[in-house]
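For reference, the structure discussed in these notes is given below.
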Amino acid sequence: MRRGRVPADNSDVMAMFRLVYSGEGATQPLVDDSSLTKQQKWQLLFDRNWRNLVPSSQTKWLVYLRKWKKWIDDQVEQPEGCLVFPSSKVSAFLSHILADCTASSSKGPHGAVKSARKVLRHLRACQAGIPDEG
């Protein structure tokens, strides 16, 4: 059941959900059902990890997705673009969120990090081929 719509102007951020890792150790799709096409498998994951969120969650999470994209764009030494891989890249981003919130005297910097981590976990679930790091 769909409860919300993502406005069309978020297409640059939403495109991250379709990214595929094809480097060393790339894995098969997370949904393993041979009766489904690759597009159907991805759609199941996208529905589960984005479309079924309530609109207020989507709005909140878009903030962190945009921060993720901006941080990646600004960190040219980080590998694989906006893919949520490797874990060292994710850790560096979360450290950046914590430092940014602390510097701006945010009331809940650890809550911001928790939200950002949750958003990236859902994003990663849709990005095909990423190895399981443990």
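The values are calculated or read from the model by the stated rules, or taken from the named source; none is laboratory data. These numbers were taken from a predicted model, which means no experiment stands behind them. Here Cβ is always computed from backbone atoms with ideal geometry, including for glycine, and neighbour counts include all displayed protein chains. For accessibility, only protein heavy atoms count, side chains too; no ligands or nucleic acids. Shrake-Rupley method; radii C 1.70, N 1.55, O 1.52, S 1.80 Å.
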> Any residue at all in segment 108-120 that is surrounded by fewer than 13 Cβ atoms within 10 Å (Cβ to Cβ), in contact (Cβ under 8 Å) with a residue 40 or more places away in the chain and farther than 20 Å from Ser11 by Cβ?
Replying inline: no
>> What pairs come out if I take residues in segment 50-64 that are outside any helix (DSSP H, G or I) and pair them with residues that are open to solvent by less than 60 Å² (accessible area, probe 1.4 Å) and of a type outside the set (Gly, Ala, Ser) whose C-beta lies under 6 Å away, six or more apart or interchain?
In response: none
>> On the basis of being at pLDDT 85 or above, part of a helix (DSSP H, G or I) and closer than 23 Å to Ala26 by Cβ, does Ala99 make the cut?
In response: no
>> Quick check on segment 68-85: of everything there that is surrounded by 17 or more Cβ atoms within 10 Å (Cβ to Cβ) and more than 11 Å from the chain's Cα centre (by Cα), which residue is farthest from Leu123 (Cα to Cα)?
In response: Gln78
>> Can you tell me which of (1) under 19 Å from Phe85 (Cα atoms); (2) surrounded by 11 or more Cβ atoms within 10 Å (Cβ to Cβ); (3) modelled with pLDDT of 75 or more is the one Leu36 doesn't meet?
In response: (1)
>> Residue pairs, Cβ under 6 Å, 6 or more apart or interchain, first in segment 10-30 and closer than 14 Å to Leu120 by Cα and at pLDDT below 90, second open to solvent by 60 Å² or more (accessible area, probe 1.4 Å) and in a helix (DSSP H, G or I). List them.
In response: Val13/Arg66
> List pairs: first in segment 85-98 and farther than 16 Å from Met16 by Cα, second open to solvent by 70 Å² or more (accessible area, probe 1.4 Å) and not in a helix (DSSP H, G or I), Cβ under 8 Å, 6+ apart or cross-chain?
Replying inline: Ser87/Glu133
